[in-house]
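Notes follow once the structure below has been shown.
The values are calculated or read from the model by the stated rules, or taken from the named source; none is laboratory data. Please read all numbers here as calculations on a predicted model, not as lab measurements. When we count neighbours, we look across all protein chains shown, and the Cβ atoms used for this are built from the backbone with ideal geometry, even at glycine. Areas reflect the complete protein model, heavy atoms only, side chains present, ligands, DNA and RNA absent. Shrake-Rupley method; radii C 1.70, N 1.55, O 1.52, S 1.80 Å.
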Amino acid sequence: MPRFMDDYQNVFASMHPQELTYIDEDSARELIVKPIWDRDNNCSRIDSDAVDKIIKLTACSPFYIMILCSELVKYARQRRRLPIHVGDVDALVQRMICNESSISRKDFDNLISCGESRLDLIDKEDSLKVLKDLALKSRNVEYYDVNSITVFDKEKVRYIVDDLLRRGVLATNLSKKVKIKVELFKLWLLNHE
C-alpha cells in the first residue's frame, strides 16, 4: 500500500494508512464466540477446544475467522447439532479445502501478494511456488528451514521469504525457521498442489 500511496500522493495527502492485520487472541475468541452466543441459556454454542482450533487455523486473522465461522454456522445448521465441537471444525475444514465453491485461491490472494498487482515487486506465481514448497516440506513439522526451499535460487527465495515475513504471511522462530501463519492456507496449499 505505501508504494500505491506514493504514486498518488495528492489524493492520499490527508489520509493516514492503517494496517489491518492479525488481532490478539482474546479478541479472536470474542469474534468466534460472541456472534453465536446462546442468550437464552447463557452459554456458548461452540466448545473451547473448537475455539482453540479455529484460532490455530486462522492465526487470529479476523478475515479468516469470519470465513470459517460463517461456514461453521451453515455446517451446524445442516447437522442440527450443538454445541460445535473440534471434530465439526476438522470436518468442515476438510470440506472447505476440497470444495472450490467454499474457499478458493482468491480468498488467499492477500497472503500470496500485496494486493496491488501492478505494484507487486514479486510475481504472484513466484510467491505461490515458494509457499507451496514450504507447505509441502513442512507438512509434518511446524517450522521449516528457508535454505531448504529449492524452487528458485537461494537469493530469490530469501527475497520472497523476506517479503512474506514483512507482510505477516510467515512467522519465524528462534532458529530462523519459518512457517505459514494461517494454517487454513497451508492446508489449502497442500490440497491444491
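Here is how the numbers come out for the structure above:
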read-out	value
Region 105-120: number of residues that are at pLDDT 90 or above and open to solvent by less than 40 Å² (accessible area, probe 1.4 Å)	4
Per-region count, region 36-53, residues in contact with a Pro (Cβ under 9 Å, 6 or more places away or on another chain) and either crowded, with 17+ Cβ neighbours inside 10 Å or within 19 Å of Asp90 (Cα to Cα) (or both)	5
Meets criteria (open to solvent by 50 Å² or more (accessible area, probe 1.4 Å) and among the acidic types (Asp, Glu)) for Asp123	yes
Region 83-104, subset of a type in the set (D, E, K, R) and modelled with pLDDT of 90 or more, residue most open to solvent (accessible area, probe 1.4 Å)	Arg95
Check on Arg80, open to solvent by 100 Å² or more (accessible area, probe 1.4 Å) and either modelled with pLDDT under 90 or touching a strand residue (DSSP E or B) at 6+ places or on another chain (Cβ under 8 Å) (or both)	yes
Condition check for Ser70: under 16 Å from Trp188 (Cβ atoms), at pLDDT below 95, of a type in the set (Ser, Thr, Tyr) and open to solvent by 50 Å² or more (accessible area, probe 1.4 Å)	no
Pair list, Cβ < 7 Å and 6+ apart or interchain, from region 21-41 residues that are farther than 27 Å from Val169 by Cβ to residues that are not in a loop (DSSP other than H, G, I, E, B)	Ile36/Ile46; Ile36/Val73
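Listed here are the residues, each with its yes/no results for (1) of a type in the set (A, V, I, L, M); (2) at pLDDT below 95; (3) closer than 28 Å to Lys53 by Cα.
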residue	(1), (2), (3)
Asp123	no, yes, no
Lys129	no, no, yes
Val141	yes, yes, yes
Asn147	no, yes, no
Val178	yes, no, yes
Val182	yes, no, yes
Phe185	no, no, yes
Glu193	no, yes, yes
